[in-house]
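The values are calculated or read from the model by the stated rules, or taken from the named source; none is laboratory data. Quick caveat, the model's predicted, so the values are computed rather than measured. All Cβ positions, even for glycine, are placed from backbone atoms using ideal geometry, and neighbour counts span all protein chains on display. All accessible areas refer to the heavy atoms of the entire protein, side chains included, with ligands and DNA or RNA removed. Shrake-Rupley method; radii C 1.70, N 1.55, O 1.52, S 1.80 Å.
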Amino acid sequence: MRTILIAGNWKMNMGPKETADFFGQLDDDAQKNIEGVDAAVCPPFVSLSAAFSARKSGSAVKIGAQNVHFEDNGAFTGEISTAMLKELGCDFVILGHSERREYFGEDDAVVNKKVKKALAEGITPIVCVGEVLQERKEDRHFDVVKGQTAGSLDGLTADDLTKIVIAYEPVWAIGTGETATPEQAQEMHAFIREQLSQLFSEEAAATVRILYGGSMKPGNADELLRQPDVDGGLIGGASLKPADFSQLVDIAAGQK
Ligand code: PEP
């Protein structure tokens with residue numbers, strides 16, 4: 001079945017020194033190769049090298065980035081290419097996070113170009129979708145997520161789909177301490193999987209990991225991860241502390 005993925009999104013936190021400290025303090029158990037569980041952290045760009053250097057040899061914790069540009073290279077001041085991430089050894093890149101959509105104007109068309117570029121480079125995109133509170137209150141959350149999913153994955157093949165990860169992150173639950181209930185998460189994850197099955201194929205949709213994101217922490221992870229269509233977590237705040245991150249990996253390991 002689908003391997004659970006516990007992925008930390010460090011956002012604009014953790015410089016190179018703190019990143020090295022994180023890996024220094026991370027429990028050996030959390031770095032073991034655990035059957036049925038993948039673990040990853042996504043530090044800021046400037047801390048990626050520190051993460052690769054500080055990660056113990058043999059550690060199973062994967063490393064990813066939080067964004068990337070869709071062009072190969074050239075006059076794009078301040079941007080980073082997929083080839084640069086690949087050269088470092090990044091396995092994942094988070095794309096279309098709600099903070100990128102809200103503060104940096106990224107729309108589905110831009111996310112779509114980035115997804116295609118990451119796939120072409122062999123980096124697994126973690127594609128984020130999710131509604132804001134008003135949209136849920138107006139009962140538009142399914143339509144919003146459907147539109148974001150279709151737009152972000154436009155033009156992909158069923159084979160491409162098997163190489164991506166989706167993260168459902170209700171924006172009202174990100175960094176707020178408020179979590180979707182396990183039932184709300186399951187309902188939306190099943191809805192997304194059904195949509196993927198219609199857009200691509202049932203077989204491909206069955207292989208895609210759909211992570212939940214939004215104030216996931218050791219205290220609520222177990223119930224969320226127990227849901228049949230919740231295949232892991234994209235975790236912000238709780239992924240910054242080695243002890244919490246280890247506990248999340250441990251909880252994931254207990255699911256299998
Ligand atoms: C996120 O930013 O992807 C996230 C889920 O953050 P938090 O866990 O802090 O809500």
Under 6 Å between Cβ atoms, at least 6 apart or on separate chains: pull out the pairs that start in segment 232-246 with a residue that is more than 6 Å from the ligand (Cβ to nearest atom) and of a type in the set (D, E, K, R) and end on any residue that is open to solvent by less than 20 Å² (accessible area, probe 1.4 Å) and part of a helix (DSSP H, G or I). Asp244/Ala238
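Among the candidates Thr181, Thr77, Thr176, Thr157, which residue alone is surrounded by fewer than 17 Cβ atoms within 10 Å (Cβ to Cβ), within 14 Å of the ligand (Cβ to nearest atom) and free of Cβ contacts under 8 Å to residues at least 60 places away in the same chain? Steps first, answer last, please.
Numbers: Thr181 fails: within 14 Å of the ligand (Cβ to nearest atom); Thr77 fails: within 14 Å of the ligand (Cβ to nearest atom); Thr157 fails: within 14 Å of the ligand (Cβ to nearest atom).
On inspection, the qualifying residue turns out to be Thr176.
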Could you tell me which numbered condition Phe191 fails, if it satisfies all but one of (1) away from the ligand (no atom under 16 Å from the Cβ); (2) surrounded by fewer than 16 Cβ atoms within 10 Å (Cβ to Cβ)? (2)
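Name the residue, out of Ala60, Ala7, that is within 18 Å of Pro242 (Cα to Cα) and outside any loop (DSSP other than H, G, I, E, B). Explain how you work it out, then say what you get.
Working: Ala60 fails: outside any loop (DSSP other than H, G, I, E, B).
The conditions single out Ala7.
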Need the failing condition index for Glu131 against (1) open to solvent by 60 Å² or more (accessible area, probe 1.4 Å); (2) more than 30 Å from Leu26 (Cβ to Cβ); (3) not aromatic (Phe, Trp, Tyr), just the number. (1)
Of the residues in segment 227-256, those that are more than 24 Å from Thr124 (Cβ to Cβ) and in a loop (DSSP other than H, G, I, E, B) come to Lys241, Gly254
Would you check if there is a residue in segment 212-221 being touching a strand residue (DSSP E or B) at 6+ places or on another chain (Cβ under 6 Å), open to solvent by 10 Å² or more (accessible area, probe 1.4 Å), within 16 Å of the ligand (Cβ to nearest atom) and over 16 Å from Glu131 (Cβ atoms)? no
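When only residues in segment 23-44 that are buried (at least 18 other Cβ atoms within 10 Å of the Cβ) and farther than 20 Å from Ala253 by Cβ count, which is nearest to the chain's Cα centre (by Cα)?
Filtering segment 23-44 for residues that are buried (at least 18 other Cβ atoms within 10 Å of the Cβ) and farther than 20 Å from Ala253 by Cβ, the one nearest to the chain's Cα centre (by Cα) comes out as Cys42.
Show me the helices (runs of 4 or more DSSP H) found entirely inside segment 95-145 where at least 3 residues are over 14 Å from Ile174 (Cα atoms).
Numbers: elements: 98-103, 108-121, 133-137.
In segment 95-145, 108-121, 133-137 are the helices (runs of 4 or more DSSP H) which contain 3 or more residues that are over 14 Å from Ile174 (Cα atoms).
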Note down all Cβ pairs under 7 Å where the first residue falls in segment 113-132 and is more than 15 Å from Gly64 (Cα to Cα), the second is among the polar types (S, T, N, Q) and open to solvent by 10 Å² or more (accessible area, probe 1.4 Å), and they're at least six residues apart or on different chains. Val129/Gln148; Gly130/Ser98
Which numbered condition Leu48 fails, given (1) open to solvent by less than 40 Å² (accessible area, probe 1.4 Å); (2) outside any helix (DSSP H, G or I): (2)
When every residue in segment 192-221 that is part of a helix (DSSP H, G or I) and of a type in the set (Ser, Thr, Tyr) is compared, the one nearest to Leu248 (Cα to Cα) is Thr207
So how many residues does segment 30-54 have that are touching a residue at least 40 places away in the same chain (Cβ under 8 Å) and either of a type in the set (Val, Ile, Thr) or over 26 Å from Asp229 (Cα atoms) (or both)? 4
On the basis of being surrounded by fewer than 17 Cβ atoms within 10 Å (Cβ to Cβ), at pLDDT 95 or above and within 12 Å of the ligand (Cβ to nearest atom), does Glu102 make the cut? yes
Scan segment 1-22 for residues that are open to solvent by 20 Å² or more (accessible area, probe 1.4 Å) and at pLDDT 95 or above and jot them down. Arg2, Thr3, Lys11, Met12, Asn13, Met14, Gly15, Pro16, Lys17, Glu18, Ala20, Asp21
